[in-house]
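As structure tokens, the structure follows; a few thoughts come after it.
The values are calculated or read from the model by the stated rules, or taken from the named source; none is laboratory data. If you're wondering where the values come from, they're calculated on a predicted model, not measured in any experiment. Cβ placement follows ideal geometry from the backbone for every residue including glycine, while neighbour counts extend to all protein chains displayed. Just so you know, the surface numbers come from the protein's heavy atoms only, side chains and all, with ligands and any DNA or RNA stripped out. Shrake-Rupley method; radii C 1.70, N 1.55, O 1.52, S 1.80 Å.
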Amino acid sequence: MILKNLLSKLSDMYCVSGDEVTSLEKFVDFLEGRYNNECILSGGNIIMNFGKREQGKKHVLIDAHIDEIGFVCSYIDDEGFIVPANVGGMDYRLFPAQQVVVHGKKDIPGIISSVPPHLSDGNGVISSASDLLIDTGYTKEQLEELVRPGDTVSFATKTAELLNDRMCGKSFDDRAGVAAVIKMLDVLKEYDDISCSYTVLFSATEEVGQRGAKTACFDIAPDIAIAVDMGFAVSTGEDAKKCGEMGKGPMIGVSPSLSREITDMLICTANKRGISYQKEIMSGLTGTNADRFGISGCGVKTCTCSIPLRYMHTAAEVVDVNDIEATAELLAEFIREVK
């Protein structure tokens, strides 16, 4: 499936929050060649405009963030280990023995150190990123020639295909959303009946406070904005009432912080086109770029469209490719419905 190949290539990109630009050159070339459309790079954001903006015509913003969780180098200790600090929310228990890439003057493979079970009492507690150490094999002196404090560190997980159209890999939050938006653009190329103009935003620094979304939305000034992100997919031991299900389609956001009008439009579009969907009920803020869009300028009518994801913010996230496909279809049909 072409979508699986696309997701795998997107996952392999290294875009830790705040360090997106250095990895985006090939991605920009890919987008401009695929859609014969200029990409505007601004503060790590990638912006693509489609259709002519005219008075009285609605303008829609479709966003998926391009950045990922990771680490920065805090300092190098006397034994040559990198002491990291986290970028984005993490469960530190999961990271010992993970393979990483340190992005210094060159990319350096590394391992997050771990204590062998034979030498451990089993009671070790990892309460912060500074309790982790990254082993590159270099001495302190060698490493200081290549790595500066503040250089980023990303996970080195490669994607793998699981059964039933599921995939496992790093940074599916939110590269699966990026894949859905790219697929949406492919679908929209086939139509000439689009009444609105629209902008696609691949935003930076979502994982550290939705900073890219805030500045980009102010600049774009849309009438409607949809944040395409990941939602929690139910797994063993989790409360099914608080999660979506994999394979059941995108999760349409319902929240007092979102526009009920846009929520209803998405639901109506899904029902009209026979697209499977779920509702994602939230009681306040969404924790996504939608929180920034809704209060941008004089306010933007905003909703979320989330793809169910297992094991979020780990180095091995799992997604159902059919949910990505359904999300792309829903977004494309929604844009066609905006009059």
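Mind listing just one residue for me: the one in region 217-256 that is of a type in the set (V, I, T) and over 24 Å from G274 (Cα atoms) and, of those, modelled with the lowest pLDDT?
The selected residue is T236.
Taking region 69-110 on its own, how many of its residues are under 24 Å from D12 (Cβ atoms), at pLDDT 85 or above and open to solvent by 70 Å² or more (accessible area, probe 1.4 Å)?
Selection size over region 69-110: 5.
Among the numbered criteria (1) modelled with pLDDT of 95 or more; (2) open to solvent by 10 Å² or more (accessible area, probe 1.4 Å); (3) not β-branched (V, I, T), which single criterion is violated by M184?
Failed condition: (2).
Here are S197, S276, S235: which of them is open to solvent by 20 Å² or more (accessible area, probe 1.4 Å) and over 23 Å from A316 (Cα atoms)?
So the residue among S197, S276, S235 that is open to solvent by 20 Å² or more (accessible area, probe 1.4 Å) and over 23 Å from A316 (Cα atoms) is S276.
Got a number for residues in region 204-236 being in a loop (DSSP other than H, G, I, E, B), among the aliphatic types (A, V, I, L, M) and touching a helix residue (DSSP H, G or I) at 6+ places or on another chain (Cβ under 9 Å)?
Going through region 204-236 one residue at a time, the tally reaches 2.
Go through (1) buried (at least 18 other Cβ atoms within 10 Å of the Cβ); (2) more than 25 Å from D91 (Cβ to Cβ) one by one and return the number of the condition C298 breaks.
C298 satisfies all of (1) buried (at least 18 other Cβ atoms within 10 Å of the Cβ); (2) more than 25 Å from D91 (Cβ to Cβ) except (1).
Residues that are under 18 Å from the mean Cα position of the chain (by Cα): find the strands (runs of 3 or more DSSP E) completely inside region 237-339 holding 2 or more of those.
251-254, 301-310, 317-320
Quick test for you: out of D63, D19, pick the one residue that is surrounded by 18 or more Cβ atoms within 10 Å (Cβ to Cβ), of a type in the set (D, E, K, R) and either part of a loop (DSSP other than H, G, I, E, B) or on the phi > 0 side of the Ramachandran plot (or both).
Details: D63 fails: either part of a loop (DSSP other than H, G, I, E, B) or on the phi > 0 side of the Ramachandran plot (or both).
Just one listed residue meets the conditions, D19.
Kindly list, by first and then second residue, each pair from a residue in region 56-74 that is over 30 Å from K140 (Cβ atoms) and of a type in the set (G, A, S) to a residue that is in a strand (DSSP E or B) and modelled with pLDDT of 95 or more, limited to pairs with Cβ atoms under 9 Å and residues at least 6 apart or on different chains.
Here the result reads A64/V200; A64/L201; A64/F202; A64/S203; A64/A227; A64/V228; A64/D229, each pair linking region 56-74 to a residue that is in a strand (DSSP E or B) and modelled with pLDDT of 95 or more.
With respect to N49, determine if the residue is over 24 Å from C305 (Cα atoms), polar (S, T, N, Q) and assigned to a strand (DSSP E or B).
no
Of the numbered conditions (1) open to solvent by 10 Å² or more (accessible area, probe 1.4 Å); (2) within 20 Å of I220 (Cα to Cα); (3) within 16 Å of the chain's Cα centre (by Cα); (4) not small (G, A, S), C39 satisfies every one except a single condition; which is it?
Of everything listed in (1) open to solvent by 10 Å² or more (accessible area, probe 1.4 Å); (2) within 20 Å of I220 (Cα to Cα); (3) within 16 Å of the chain's Cα centre (by Cα); (4) not small (G, A, S), C39 misses just condition (3).
Look through L201, L185 and report the one residue that is in a strand (DSSP E or B), closer than 21 Å to F50 by Cα and touching a residue at least 40 places away in the same chain (Cβ under 8 Å).
L201
All but one of (1) touching a strand residue (DSSP E or B) at 6+ places or on another chain (Cβ under 9 Å); (2) over 19 Å from D63 (Cα atoms); (3) at pLDDT 95 or above hold for C268; which doesn't?
Tallying (1) touching a strand residue (DSSP E or B) at 6+ places or on another chain (Cβ under 9 Å); (2) over 19 Å from D63 (Cα atoms); (3) at pLDDT 95 or above, C268 fails exactly one: (1).
When region 303-319 is examined, which residues are found to be open to solvent by 10 Å² or more (accessible area, probe 1.4 Å) and either at positive phi or of a type in the set (D, E) (or both)?
Once the filter is applied, which keeps residues that are open to solvent by 10 Å² or more (accessible area, probe 1.4 Å) and either at positive phi or of a type in the set (D, E) (or both), region 303-319 yields Y311, H313.
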